[in-house]
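Just so you know, all these numbers are worked out from the coordinates, no wet-lab data involved. Quick caveat, the model's predicted, so the values are computed rather than measured. Here the Cβ positions follow ideal geometry from the backbone for every residue, glycine too, while neighbour counts run over all protein chains shown.
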Ligand SMILES: C[S@@+](CC[C@H](N)C(=O)[O-])C[C@H]1O[C@@H](n2cnc3c(N)ncnc32)[C@H](O)[C@@H]1O
């Protein structure tokens, strides 16, 4: 079957992408590892012994980078709808983060311990309807933010992938009301044409009201 124009363009970009080559050479499961590595370095996030949850973790390149950084004394819990092949030292929870049962399994895995970092690279399966995809993506961001607020240490940090579009200003406002310091990041490995960016919240604000 002949390739469509868009899949040929994707293939061409993929084979000439330096991050794809680096990922292969360094044993990362995806080029996405370099987005996280850049952000961790730039913002001085995560140290040996830290605890972190990786939301939307398949195929696992962020979890690979995270466990390298926190080491044996640290903790990495990865969750995804899709299967993640085992990564030594990483606890894997397979399921839908929107479901109560999966949240419960994550909480059980935490055993009441607070986290230093919550990262979310979650992206919904695309329906092709832009408004629907954007709404689903923002919903995942909101759930991840709620989880981070409930489980981070006071001086913890939350890194979340977000697509600019409908709902983004409101989500940014929610980040600003949850964290003392909020910055936006576009790592070098993030493709230029994509509206994808990352928001980083540092230092939880105390909740006001109920
Ligand atoms: C861009 S990929 C993550 C790549 C990953 N950071 C890595 O470096 O290998 C986004 C992931 O979000 C997951 N995802 C989307 N919705 C989810 C949900 N409701 N619950 C759990 N995972 C979800 C997808 O299955 C997909 O694997």
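Given R₀ = 41 Å, what would the calculated FRET efficiency be for residue 41 paired with residue 166, taking r from the Cβ atoms and rounding to 0.05? Using R0 = 41 Å, I get an efficiency of 0.80. Relative to the longest principal axis of the chain, what angle (0 to 90°, nearest 10) does the C-alpha long axis of helix 100-110 take? The answer is roughly 70 degrees.
Note on residue 100 and residue 22: the model spin-label points, each 7 Å out from Cα along the C-beta direction, lie 4.4 nm apart. Rounded, prolate or oblate: which fits the range 30-204, taking a ≥ b ≥ c as square roots of the Cα gyration tensor eigenvalues, rounded meaning a/c under 1.5, else prolate when a/b beats b/c? Here the range 30-204 falls in the rounded category.
Taken as Cα centroids, the range 14-64 and the range 110-149 sit 18 Å apart, rounded to the nearest whole angstrom. Using the rule -39500 (n - 2.57) for each DSSP H run of four or more residues, divided by the residues of the chain, the 222 nm mean residue ellipticity is -12500 deg cm²/dmol.
Computed from the C-beta positions of residue 132 and residue 176 and an R0 of 30 Å, the FRET efficiency is 0.70 to the nearest 0.05. For residue 153 and residue 206, the difference between the fully extended length at 0.36 nm per residue and the C-alpha to C-alpha distance is 17.9 nm.
For residue 143 and residue 15, the FRET efficiency from 1/(1 + (r/R0)^6), where r spans their Cβ atoms and R0 equals 30 Å, is about 0.25.
A protection proxy built from the mean count of other Cβ atoms within 10 Å ranks the segments 117-130, 170-183, 12-25, most packed first, as 117-130, 170-183, 12-25.
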